[in-house]
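Input: a single structure, listed below in C-alpha cells.
The values are calculated or read from the model by the stated rules, or taken from the named source; none is laboratory data. Since this is a predicted model, take the numbers as computed values, not measurements. With ideal geometry, Cβ positions are generated from the backbone for all residues, glycine too; neighbour counts draw on all protein chains shown. Please note that ligands, DNA and RNA were not included when accessible areas were found on the heavy atoms of the full protein model with its side chains. Shrake-Rupley method; radii C 1.70, N 1.55, O 1.52, S 1.80 Å.
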Amino acid sequence: MVSYFLLAAAFVLLAVRFTKLLRLKRRNLSAREIDQHLHALLNEKRERP
Amino acid sequence: MRKKIGVLFRKTQKTAYTFERLKACKHCHTYHVLWDTHCEECGREYQPIRKLSASVTRRYVQTRFLLMVLFVCLAILCAKSLPQILIAGGVGILLLALFYWMQKKYGSYERDAQFLPFLSQEQDAIKKSLVHHLEEIGADVKAERYKEAYEKIREIGHFIHSDTIKIRKIMFLNHFILRKDMELELETVTPSTYDKDFVEYLREVIKVQPSLVKKSVLDYARRYKAYILLQENGEQLMGQIAGAALRMRPYIDQYQDLIIEFIDFIPRDRFLRLAKLVHTHRHEGWELLYAATKRRVDAQFAFDPDFAGIS
Amino acid sequence: MISSYQKSLWSRNLMLVLVVAAVIGVALKIGWSLQKIKLYDQALAYYEAKDLVKAEETFAKANEHAGIEYGDEAWTTQMSGLTDIREELESLSRQAQPAIKDNREEEVLQTYRSYQSFKREVEGRQEAQAATFFQTISTRLGLEKGWSAYYQQAIQHAKAQMQSLQVSDQQALIHTLVLVPDEFFGGTEKKAQELETHFRRYETAKLQERADSLSFLDVITQTAKSIELYRQEGISSDWLQKQLERYAKGEIGRVIRQNDLPGFVAMAKAYRQIQNVLPDKSEVLATIETHLQSLIEQAEKYAKQHKFTKATDLYQELSGLLDTSSLLAGVDEPWTQFDPSRLLQQKYPDQAFDPVFTGSDHWGAKTYAIGVDQKERRIYFAAKPTENEAPVSFDLALDIDTDFTFTLSKLEDDHDSPVLLVSSVGKERAYLYTGVVPQLSKNSFDTRFVIEADDLTIEDAARVIVKNAVGPGEHELASFEFGRKGLEYVAKLEDLQPEHEEPADPASPSATEEEGDSQSGQGTPELPGAPSVEVPHTPSAGHSVDVYAGPGKEYKVIGQVSLDSSIQVVTDLNGWYQIQFDGKEGWIETPKTAN
C-alpha cells in the first residue's frame, strides 16, 4: 500500500512540474525582456561612485 | 584649451543584448564587463552569465528528476510482493520517461524563465562588480590613463545610463583628438541636462562624424538652444547641428524650425544639399523652409553656379 | 560563498547521494526477492518430495532477508511453524550440550524438562508433520541420546561409588540421583524403590564400617549427617534411624552396665545433639533419661547419707547432661550444715587450719566454723548467718607471740553464745588469757577481756576463778564475773602463798604441759579439712568414754574411745562432739572440767 502512495506522490510531482512548464511556455519570455529587466535592476538605484 | 591626445580605441564588443556582456567568475562570485577573459583574483576563466544561469537551471531539473527517482525507489522498497515491485518499477519508468519528454519539449522555456530571477538574485553582485570597475576607472584617471578610463567607462555605460556616467565619458572624450575613423558615440552620451562639456564634445564630433547626430541630439539642441547660443560660436554649432539634421527627411520635417532659425549658419555644402532638396521636393509644409532657403540663396549664393537653377 | 549557483550544486549532490543509496537498496531488494522466490520454490519441491528437513532448511534460508511476501500463506505458516520447532530444539541443544559437558545438573534437568514439555506440546498439536519433523531434528541433534547417556552414566557412577563404599561427596551423590528423571528408572515408584535399596545397602555397610573403626561420637555424627542429607533431598530414611537407634542402644547399654559414668555422659550428650534426626519416640533417648534420673536419685541418696563429696562429684559428672547448678546448690546447704568447716575452706582456700571448730547456732550464725593457725597466730571465722544468706568471714590476728591453745569456753555472752578463750604464755604470769567473741554484725572479733594469771577456771557461764591474776586478785584465788565490761573482780576466795607463784616461761608448748594438767596429745596430722582439737583439762589417762550414734544418750552406743588417743572432732552440738570413729561418725559427750 505504501508503495502505491509513493508512486502517487511521484505522479503528483510530475503533474505539478508539467503545469509549471506549460505556464512558462505560455509566458514566452524573450531575451529582450530579460535585457530590459536587467537594465531596470541596475538603473533603479544607481550606484554613485 | 587642454592638450588633446590622439588615440585609437579598443574595439567594443557588439552584442544583441546587454546581459551578453556580463561575465562571471564562478569561484569568486564576481562579475566582469570588460575585455578580460580570466579572473584577476583566481585566474579562472570567466563564464557568460547566461551559461551560469543555465547551469543552475540544469541542476534544478536534475534535482527534480532525482527526487522522482527517489520516490520510485522507495515505492519499490516498500513493495510487499513481486507484482507490486513490478508495478512500481513499470510506473516509475513511465513517470521518468514522461519527465524526460517534458524536459526535452519545454526545457528552454524554463531556462529563460529561470534567467530572469537569477539576474534579480545576482543584481547585488553585479552592482558590486560595476562599482569595482568604477574604482578602477578612478585609478586610471588619477594616473591620467584617459584612454583606458574611457574604454572602461564605455563598457559600464552599456549597463548604467546615468548622467554621471555620461558626463564622465564626455570628460574623458574631451581629452582626445576625434577622428573620422574612430568609433564615437553621441547619442549615448547625451545627458538629461545642459552640460558645457557635452556641447564642447558635440562641436568636435559633429566636425568628424555628423551622421551621429540623431533625434536625441536634435531635441537636446532644440531644448538648450539658448544655452548653446551663449557659448562661443554657438550659432555655428547650431548651424552644424541643423546641417546634420538635413541628412534625413524625417529630421527635416521635424526640425524645420531649427533649420530655418539657423539657416544662415548651415555650412555651404549642407546648405547646397538643402537647396537642392527644397527645390526638388516642395512638399507641403516645407513652404517656410523653401522661403528661408530661397532667401539665403538669393542673399549669398545668387552668383554661385552650384546653386543655379534653384529658385 | 552561498550563491544560488552553489546552492543548486549542493542540493543536486545531496539528492544524488540519497538516490544512489536508494538504488542500492532497490538492487538488494530485487536480488533478495528473486533469491527468496527461487528458494521458496525449492523448498516447496522438497516439501512435495516429503523431505521436511530440507524443505524447512531451504525455507529458513529464503527468509533470511526481509524481502517480499510470496507463496501460499497456509504453507508459509506451516513452514514457519517448523522453523520455530527447529530453532527451539537447536536452542535447547545449545543449552543442554555444555551443561552436560560441564556436569551442571540443575541445568541439564531444566533443559530436559523444557524439552519434554515442548515435545508434549508439539505432539499435542495434532499435526503429524510437525511431530515427525520434531523427531527428525531431535535425532539429528542427538538430544535424547545425550540426556539418556548422561543420566545412565550418572546412575552407574553413583552405584559404583556406593558399591565400593567410596563416596567422596555424599550430598552431591544423593542430589545427583534425586535429580535423575523418573523415566530413567522406569517410573516414579521404581525410582524410589531402587534408590532406597541402594541407599540402604550402602548405609548399612557404611554403618558397620564406622562402628568398627570410629568412636561413638563420630559414628552417630556421620550417620546423623547422612539422615539429614536424605531428608534434605526428600528421601525418607526411617530404616537408617532404626539402625542408628539399634547401634546407640547397644553402645549406651554397654556403658551403663559397665557403670562408666563419664562414658555415659559423653555418649548421652552426643546422642542428644543429633536429636533432630532421631525418631519422635526415640528409645535410646528414653533410656538415657531413665538412667539419668536414676543417677540423680543416687546423688540425692548420697546427700541424704551425708556423702556430700560423692553427691557433688556425681552432680559434677552429670553437669554435662543437665543443669546441676540448682542441685549442687541444694546439696551445698545441708553439706555446710553437716560440715561447717567447708565455710572456712571456701573462704580461705589456701589456709591450713589446726584445729577447726564447727557448730551451729552460736553468735547469731546458723552454722559456723572457726579455724586456728598456730603459726600465724590467727584465728579465722566463717559462718552462715541463716540458711539462705551468704556466708560471712573474718579473722583476727592475736596479739601474742607464743603458742597458744584455743577453746570454746563455757563463758557465754549476751546471746548465750560461748566466748572463745585463747590461752597463751603470759609475761608476768604463767598464762595470758584472751577472751574473744565473733561479732557477725561488725564482721570482726570482739576482744572481751585480756588477763594474765597463773590459772583460770571457768565455773559457769559468767563466773571465773582466777589464780594470781595481774591486777585485782593478785596473789589470790579470786572469783571474777564475766560481763559486759569483761572480767570483773568479784571476791577473794583464798590467799595464795607466794611460792606458789611461778615465773612465766617464754611461750613454748612444753611450758603449758608443765602446768600439771594432763592433756591429750597433739592432734592427729593437720589436714585443712580434718578438724582436730585438744580436749582441754581432761581427767587422768586411761579414761574412755562411750561413743553414741547421735548427739544424745538416747542413741545407740556404738563403741568406746579412749580420751588419751587422738580423736578427730568433726563438729560439736549442744555439748556433744561428733567424732570420726572407726571410719564412721560417732558422738561423745563434751568432757567436763572437774576442778
One residue from C:T58, C:T83 being crowded, with 17+ Cβ neighbours inside 10 Å, touching a residue at least 12 places away in the same chain (Cβ under 8 Å) and more than 30 Å from B:E122 (Cα to Cα)
C:T58
Within the group C:T434, C:T447, C:T457, which residue is of a type in the set (V, I, T) and open to solvent by 40 Å² or more (accessible area, probe 1.4 Å)?
C:T447
Go through (1) within 25 Å of the chain's Cα centre (by Cα); (2) at pLDDT below 90; (3) crowded, with 16+ Cβ neighbours inside 10 Å one by one and return the number of the condition B:R247 breaks.
(3)
Given the conditions (1) within 13 Å of chain A (Cβ to nearest Cβ); (2) open to solvent by 20 Å² or more (accessible area, probe 1.4 Å), which single one is not true for B:I126?
(2)
Mind listing whichever residues of region B:133-153 are more than 10 Å from chain A (Cβ to nearest Cβ) and open to solvent by 20 Å² or more (accessible area, probe 1.4 Å)?
B:E136, B:A139, B:V141, B:K142, B:A143, B:E144, B:R145, B:Y146, B:K147, B:E148, B:K152
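Please give the helices (runs of 4 or more DSSP H) falling wholly within region C:170-246 in which 2 or more residues are open to solvent by 50 Å² or more (accessible area, probe 1.4 Å) and among the basic types (K, R).
Numbers: elements: C:170-179, C:188-213, C:216-232.
Because the criterion is at least 2 residues that are open to solvent by 50 Å² or more (accessible area, probe 1.4 Å) and among the basic types (K, R), the helices (runs of 4 or more DSSP H) in region C:170-246 that meet it are C:188-213, C:216-232.
For (1) touching a residue at least 60 places away in the same chain (Cβ under 8 Å); (2) within 60 Å of the chain's Cα centre (by Cα), each residue gets a yes or a no:
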| residue | (1), (2) |
| --- | --- |
| C:E123 | no, no |
| C:G142 | no, yes |
| C:Q152 | no, yes |
| C:I155 | no, yes |
| C:A158 | no, yes |
| C:Q163 | no, yes |
| C:H175 | yes, yes |
| C:P181 | yes, yes |
Taking B:F172, is it part of a helix (DSSP H, G or I) and either touching a Phe, Trp or Tyr at 6+ places or on another chain (Cβ under 8 Å) or not assigned by TED's automatic domain parsing to the domain that holds B:Q13 (or both)?
yes
I want to confirm something. Restricting to region B:45-72 and keeping residues that are facing chain C (nearest Cβ under 7 Å) and touching a residue at least 12 places away in the same chain (Cβ under 8 Å), which single residue is most open to solvent (accessible area, probe 1.4 Å)?
B:Y60
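Is it true that C:A55 is of a type in the set (A, V, I, L, M, F, W, C) and either touching a strand residue (DSSP E or B) at 6+ places or on another chain (Cβ under 9 Å) or under 23 Å from C:A128 (Cβ atoms) (or both)?
Values: of a type in the set (A, V, I, L, M, F, W, C): yes; either touching a strand residue (DSSP E or B) at 6+ places or on another chain (Cβ under 9 Å) or under 23 Å from C:A128 (Cβ atoms) (or both): yes.
Spelling it out, C:A55 is indeed of a type in the set (A, V, I, L, M, F, W, C) and either touching a strand residue (DSSP E or B) at 6+ places or on another chain (Cβ under 9 Å) or under 23 Å from C:A128 (Cβ atoms) (or both).
Go through the residues of region B:283-295 one by one and say whether even a single one is aromatic (F, W, Y), outside the structural domain of B:R10 (by TED's automatic domain parsing), at pLDDT 85 or above and part of a helix (DSSP H, G or I).
First pass over region B:283-295, keeping only residues aromatic (F, W, Y): B:286, B:290.
Retained after the next criterion (residues that are outside the structural domain of B:R10 (by TED's automatic domain parsing)): B:286, B:290.
Add one more test, that the residue is at pLDDT 85 or above, and what stays is none.
So far as region B:283-295 goes, no, none of its residues is aromatic (F, W, Y), outside the structural domain of B:R10 (by TED's automatic domain parsing), at pLDDT 85 or above and part of a helix (DSSP H, G or I).
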Within region B:95-121, the residues that are more than 9 Å from chain A (Cβ to nearest Cβ) and open to solvent by less than 20 Å² (accessible area, probe 1.4 Å) are B:F118
Assigned to a strand (DSSP E or B) and within 43 Å of the chain's Cα centre (by Cα): which single residue out of C:F406, C:F449, C:F381, C:F445 fits that description?
C:F381
If the requirement is being more than 9 Å from chain B (Cβ to nearest Cβ), of a type in the set (D, E, K, R), farther than 30 Å from B:S120 by Cβ and part of a helix (DSSP H, G or I), which of these qualifies: C:K61, C:K29, C:K50?
C:K61
Filter region B:78-89 for residues that are part of a helix (DSSP H, G or I) and either open to solvent by 40 Å² or more (accessible area, probe 1.4 Å) or within 9 Å of chain A (Cβ to nearest Cβ) (or both) and give the result.
B:L82, B:P83, B:Q84, B:I85, B:L86, B:I87, B:A88
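Looking at B:T30, is it open to solvent by 40 Å² or more (accessible area, probe 1.4 Å), within 20 Å of B:A54 (Cα to Cα) and touching a His at 6+ places or on another chain (Cβ under 8 Å)? Before the answer, list the steps.
Numbers: open to solvent by 40 Å² or more (accessible area, probe 1.4 Å): yes; within 20 Å of B:A54 (Cα to Cα): yes; touching a His at 6+ places or on another chain (Cβ under 8 Å): yes.
In short, yes.
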Testing C:I379 on (1) touching a residue at least 40 places away in the same chain (Cβ under 8 Å); (2) open to solvent by 30 Å² or more (accessible area, probe 1.4 Å), one condition comes back false. Which one is that?
(2)
